[in-house]
1. Full extension from GLN145 to THR130: what is 0.36 nm times the residue separation minus their Cα-Cα distance, to one decimal in nm?
2. Take ASP156 and LEU250, extend 7 Å from each Cα along the Cα→Cβ direction, and tell me the distance between the two endpoints in nm.
3. Given the chain, what percent of its DSSP beta bridges are antiparallel, to the nearest 5?
4. What is the extension gain from THR183 to THR45, computed as 0.36 nm multiplied by their sequence separation minus the C-alpha to C-alpha distance, in nm to one decimal?
5. Over 23 Å between Cα atoms, which of LYS53/LYS279; LYS191/LYS275; LYS304/LYS345; LYS157/LYS301; LYS135/LYS187 qualify?
6. Could you state, as a whole-number percent, how many of the C-alpha pairs of region 129-194 are farther apart than 17 Å?
7. How much FRET efficiency would the formula 1/(1 + (r/R0)^6) give for GLU267 and HIS313, where r is the Cβ-Cβ distance and R0 is 51 Å, rounded to 0.05?
8. Answer with one residue from GLN150, LEU250, THR288: the one whose Cα lies farthest towards the positive end of the charge dipole of the chain, charges on Cβ with Lys, Arg +1 and Asp, Glu -1.
Amino acid sequence: MALQCGIVGLPNVGKSTLFNCLSNAKAQSANFPFCTIEPNVGVITVPDERLTKLAEIVQPQRIVPTTVEIVDIAGLVKGASKGEGLGNKFLANIRETDAILHVLRCFDDDNITHVDGSVDPLRDKSIIDTELQLKDLETVEARLQKVYKQAQTGGDKQAKLACDVLMRYKEALEQGLNARTVTFETKDEQKVARELYLLTSKPVLYVCNVDEASAVSGNEYVERVREAVASEGAELLVVAAKIESEIAELETYEERQMFLAEIGLEESGVARLIKAAYKLLDLETYFTAGVQEVRAWTYTKGSKAPRAAAAIHTDFEKGFIRAEVIKYEDFLHYGSESAVKEAGKMAVEGKDYVVQDGDIMHFRFNV
C-alpha cells in the first residue's frame, strides 16, 4: 500500500535531519536552503510491540513488519505558490502525498541560520499555510471557471454540485483557512471534494523540533503552536531531531533504551512519529501468524474483510469465502491457534465483517 506522508517546512527547521533518523536513505543535510531538491523517499518500518509478542509465541522462520513511506520535500519559502524558490516543483511533490508532517523549528541555535532571521514557529506555520492556501485557491478558481456557466445555465446537476463545493472552499481559502476546515455532509459532495486533491485538505501532523532540554516537556514555542492549532483538530508531536540522530547512531536496542531513560523518555521521538504518521494516514494493522512467518498487514481503517484481504493478494478479495478471526488478546492468553479453537474463541466472519486493529486473520478464498 503506497501511501505517503510528506515532511514539509521552511528551510533549516530540521526536516532532513528528522528524515535521516527515520530512514536509511540519507538526505543531504546542510546549513543552507534547498539542500534537498529532489524528494527523498524512505520506506519506514512501523514499530509494533504486538508483532514481537506474537513471534515469541509462534517462533516463526521470519518476522515481517508493516511499513509507511515518508517523503522529505525541500524547504518551502515565501512566494512558493508563484514559483519562488523552485516552489512549483515543491508544491507538486506535496500534492502527490497523502498526508503532511509539518516540521516547525522550536529551538534556538545561533549556529543554524533561520531563513527569516529569527525563530518564530507561528510565523513559519503561517508562511507555509499561506503558500498552500494560495495554490489551492488557484486550483479552485480555475475549476470554477469551467463549471460555473454550466451550473447557472445548463441545468447540469453535477456541475451545480461541484460549483457549490468549490464556492465553499473559495470562501474559506479567501479567509485564510485551510480546506480541511470545510466539512461536507453528503457522499456526493465528499466525492467532489476528494477529487480536487487540494493541498490544505490533507491531514496534518505538526512536529515541533525542540532542543534536548525540551525533549520531554516541550517549551514556550511548543505551547504557542499547541494553542494555535487547537481549532484545526490537528495532532502535535514534540521531537528533538538532534537527539534522535544521536540515538540512531547507537548500535544496540539496549544502548538506545538507556539513552532514552537518561533523558526521561520511554520511547524515541522517531518511533512516536512513525506511529503518528501511520495513524494520520488512517491505517490499521492485522496479522497473519504461522510457522513460516508472522506478518503485519496494512489496511485502511473501517475496511471490510475482503478489502483488507487484498493487502495480501487481489485474488483474496476476488474469491473471498470467509475469514477466520482470532483476537490478539485471545491469542496471547491461550498461547496457540489450536488452543484458541478449543476454547471456542475463533470466529468465522463473512464479507460484511469490519476488520479490527490487531485481528489475527486467516482467509479462505477460491478463484
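Throughout, read-outs are computed from the coordinates displayed, never taken from laboratory work. Keep in mind that what you see is a predicted model, and the values were worked out from it rather than measured. Cβ placement follows ideal geometry from the backbone for every residue including glycine, while neighbour counts extend to all protein chains displayed.
1. Extending this stretch completely gives an extra 3.2 nm.
2. Result: 6.1 nm between the two label points.
3. Looking only at bridges with both residues in the chain, the antiparallel portion is about 50 percent.
4. Here the answer is 46.4 nm.
5. Long pairs (Cα-Cα over 23 Å): LYS191/LYS275; LYS157/LYS301; LYS135/LYS187.
6. It works out to 40 percent of all Cα pairs.
7. Calculated transfer efficiency: 0.90.
8. Positive-end residue among those listed: GLN150.
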